[in-house]
Amino acid sequence: MKVAVIGASGQLGSDLVKAFGEDAIPLTRRDLDVTDAASLNILKELEPEVIINTAAYVRVDDAEVEVEKAFRVNAIGAFNVAKVCNEINAVNVYISTDYVFDGAKGEPYEEDDVPNPINVYGLSKYTGELFTRNFSFKKKTLPKKYYVIRSSSLYGKAGSSGKGGNFVEFMIQKAKNGEEIKVVKDQFMSPTYTKDVAVMLKRFLAITPEFGFYHIANEGYCNWYDFTKEIFNVLGWDAKIQITPIKSSELKKLARRPIFSVLKNNKLDDLGLRMRDWKEALRDYLIEKGWMRGRKARG
Ligand SMILES: NC(=O)c1ccc[n+]([C@@H]2O[C@H](COP(=O)([O-])OP(=O)(O)OC[C@H]3O[C@@H](n4cnc5c(N)ncnc54)[C@H](OP(=O)(O)O)[C@@H]3O)[C@@H](O)[C@H]2O)c1
């Protein structure tokens, strides 16, 4: 199965390329730009059976002012990819986010819960989801060949290309620099290791489940303060590092964020596929990044 990975140099994209190995066709922004429909013609020559679109404008606060840019990549880009998928009859896999939800539910979100984004980034990704769902068909009589895969609070070895790193590394750097560490305690999510998403997506696609929406996030959840505490706890630095819990309102960020955007992997579980707990994944990540020694858990 030939699998084209768009955004191949990104945090999730690079792990997908590793997970799919010889089957992967890595495509970086130099190979194609999802906002430029003509540049996607390269996919017609490559003829992959599956196209995984990880390309995204991911800077949540900047998106509030660069609205057009965010929509061009996250929404129009998704439309352009859907059109190419139809032409070459490829399965369209769009990577989306927990930020399509408003957080008001107060308990984990299921795949069929109705999105209601509260920031521009989330709205642009939700529009990308709809373009993927409504335009991924070859003929109206044939099934739409798409998966919308939502994940949450990603960290991975490569670090987010768009954000210039990931949360775990930002916290470790602050600790090493002796900076004050203040972290919000009123936003809950499922921290998720990109390697786990990539490995799971490979297993998932191999069984060709019913097309539609799925959640793939590490199991369990926490707030960002507890996530940070766990990073230092695993590293054995917890006695030395002071972390101050704060409220989201104290950060004065441009974009509002959902207070509870935990994803429930219901449909994945129904397939007999289970993601591991976020704490186990974090431990593995810290070992793989070389921050500590230890035996890696099964990933
Ligand atoms: N990060 C999170 O916490 C998080 C949470 C939930 C869901 N997600 C979703 O997960 C996916 C992957 O995120 P990530 O953390 O891996 O982000 P990332 O590291 O910033 O990767 C995004 C990739 O998209 C590429 N890209 C950006 N604009 C493009 C364009 N116009 N055409 C082609 N490629 C383009 C970037 O290329 P360059 O390197 O050249 O800029 C980069 O390689 C995204 O869809 C994101 O919305 C992320």
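Here are some notes:
- About its Cα centre, the chain has a charge dipole of approximately 400 debye under the convention of +1 per Lys or Arg Cβ and -1 per Asp or Glu Cβ, with nothing else charged.
- Fully extending the segment from GLU22 to GLU47, taken as 0.36 nm per residue of separation minus the present Cα-Cα distance, adds 7.5 nm.
- Relative to the longest principal axis of the Cα atoms of the chain, the long axis of helix 120-135 lies at roughly 30 degrees.
- The count of lysine pairs in the stretch 200-295 with alpha-carbon distances below 26 Å, taking only pairs 8 or more places apart or on different chains, stands at 18.
- Of GLU22, GLU49, GLU129, the one that fluctuates the most in a GNM where the chain has Cα springs shorter than 10 Å: GLU22
- Lys pairs, the stretch 9-164 - Cα-Cα below 22 angstrom, 8 or more residues apart or on other chains: 21
- The share of alpha-carbon pairs in the stretch 1-106 lying farther apart than 20 Å comes to 39%.
- All other residues whose Cβ lies under 11 angstrom from that of GLY159 are scored, Lys and Arg at +1 and Asp and Glu at -1, for a net of +2.
- The Cα atoms of the stretch 227-299 define a convex hull whose projected area, averaged across directions, is 7.2 nm².
- Note on the stretch 142-299: dipole from Cβ charges, positive end direction compared against LEU251, ALA158, MET292; the farthest Cα belongs to ALA158.
- R0 of 30 Å, Cβ-Cβ distance ILE246-VAL67: FRET efficiency to nearest 0.05: 0.60
- Given charges at Cβ of Lys, Arg, Asp, Glu: the chain dipole, positive-most of GLY10, ILE172, LEU273: ILE172
- Diffusion coefficient, µm² s⁻¹, Stokes-Einstein with Kirkwood Rh over alpha-carbon pairs of the chain at 10 °C and 1.306 mPa s: 81
- Signed unit charges on C-beta, dipole axis of the chain, positive-most listed residue ASN134, LEU123, THR54: THR54
- Placing +1 on each Lys and Arg Cβ and -1 on each Asp and Glu Cβ, with no other charges, gives the stretch 130-241 a dipole about its Cα centre of roughly 840 debye.
- Distances between every pair of Cα atoms in the stretch 208-260, grouped in 10 Å steps from 0 to the bin holding the largest one, split as 17, 34, 29, 14, 6 percent.
- Counting only Cβ charges, +1 for Lys and Arg and -1 for Asp and Glu, the dipole size of the stretch 162-299 around its Cα centre is about 280 debye.
- Of all DSSP bridge pairs formed entirely within the chain, close to 10 percent run antiparallel.
- A Förster distance of 22 Å, applied to the separation of the beta-carbon atoms of ALA38 and ASN89, puts the FRET efficiency at 0.65.
- Net charge over other residues, Cβ less than 11 angstrom from the Cβ of ASP61 (K, R count +1; D, E count -1): +3
- Along its principal axes, the stretch 176-299 has C-alpha extents of 48, 38, 19 angstrom, given from the largest down.
- For the chain, built as a Gaussian network whose Cα springs stay under 10 Å, the top-fluctuating residue of PHE260, PHE211, PHE227: PHE211
- Label-to-label distance, nm, for residues given as ALA239 and LYS139 (7 Å Cα→Cβ offset): 7.1
We did not get these values from a lab; they are worked out from the coordinates using the rules stated. These numbers were taken from a predicted model, which means no experiment stands behind them. Neighbour counts run over all protein chains shown; Cβ positions are idealised from the backbone, glycine included.
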